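Take a look at the structure set out below.
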Amino acid sequence: MIPVILIPGLGNSGPQHWQRLWQAELGPVATAVEQSDWDRPDFADWLARLDTAIAIAKTPPILVAHSLSCALVAHWATRHTRDIAGALLVAPADVDSDMHTPPETRAFRPMPRQPLPFDGIVIASSDDPYIKRDRAAAFAQSWGSRFVDIGAAGHINPAAGFGAWPLGRLLLDELRAAARAKSAATA
């Protein structure tokens, strides 16, 4: 079974957020990275906690990041060489933009633009207050990830009307199937 690591963004994902709903639905295959302070992120601590979660996974995991944690995953990928089965990067926050993100995100600057060494899907909205659609598409391109624009969907969180989010689950399942096929081909 391919592990799934859910990585909430600034402020954490509450119980009605699709990440927490997926965690409950997926059962023991899914874990969430828990941070010591969700509202005042310490970049080094967040990075270390993500690295620990990845290190204890029994097989290469799929990472599911939301918002600020998309930047966290991109930074992690520039510093570590552990195998990752894939990444679903949802509603990346534009940490380079003072207009789109709060001061608490500044330590995550600059947004890494190197290709990710694993398959990825970047999902964005055309009216996300934390990033312009074209900027999210540029991140996807620089990361070598597929870009999925889901239209006017806000920040793809409960405040924007997203609960279990079936389309997101379909894309996660697509990544999981590709990872299983790749694993079977190399076995």
#### Entry: Any chance Arg113 is under 28 Å from Ala48 (Cβ atoms) and assigned to a loop (DSSP other than H, G, I, E, B)
yes
### Query
Taking interchain pairs and intrachain pairs at least six residues apart, which have beta carbon atoms under 7 angstrom, with the first residue in the stretch 171-187 and more than 11 Å from Ala87 (Cα to Cα) and the second modelled with pLDDT of 90 or more and surrounded by 15 or more Cβ atoms within 10 Å (Cβ to Cβ)?
Ala178/Gly86; Ala178/Asp119; Arg180/Ile2
### Task
Can you tell me which residue among Asp94, Asp119, Asp98 is modelled with pLDDT of 95 or more, open to solvent by 60 Å² or more (accessible area, probe 1.4 Å), within 15 Å of the chain's Cα centre (by Cα) and charged (D, E, K, R)?
Asp119
### Task
Please find, among Thr186, Thr105, the residue that is at pLDDT 95 or above and not basic (Lys, Arg).
Thr105
### Query
Quick one: would you say Ala85 is in contact with a helix residue (DSSP H, G or I) (Cβ under 7 Å, 6 or more places away or on another chain), at pLDDT 95 or above and open to solvent by 10 Å² or more (accessible area, probe 1.4 Å)?
yes
#### Entry: Whichever residue in the stretch 27-44 is open to solvent by less than 30 Å² (accessible area, probe 1.4 Å) and in a loop (DSSP other than H, G, I, E, B) and, among such residues, is nearest to Leu63 (Cα to Cα)
Val33
### Task
Taking Thr52 as the residue in question, decide whether it is open to solvent by 50 Å² or more (accessible area, probe 1.4 Å) and part of a helix (DSSP H, G or I).
yes
### Task
Hey, can you tell me all the residues within the stretch 101-110 that are open to solvent by 10 Å² or more (accessible area, probe 1.4 Å) and not in a loop (DSSP other than H, G, I, E, B)?
Pro103, Glu104, Arg106, Ala107
### Task
Could you list all residues from the stretch 122-151 that are in contact with a Lys or Arg (Cβ under 8 Å, 6 or more places away or on another chain), open to solvent by less than 30 Å² (accessible area, probe 1.4 Å), closer than 22 Å to Leu170 by Cβ and small (Gly, Ala, Ser)?
Ala124, Ser125, Ala140
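The values are calculated or read from the model by the stated rules, or taken from the named source; none is laboratory data. None of the values given here were measured: they were computed from a predicted structure. Every residue, glycine among them, receives a Cβ derived from its backbone with ideal geometry; neighbour counts consider all protein chains shown. Surface accessibility is based on the protein's heavy atoms, side chains included, excluding ligands, DNA and RNA. Shrake-Rupley method; radii C 1.70, N 1.55, O 1.52, S 1.80 Å.
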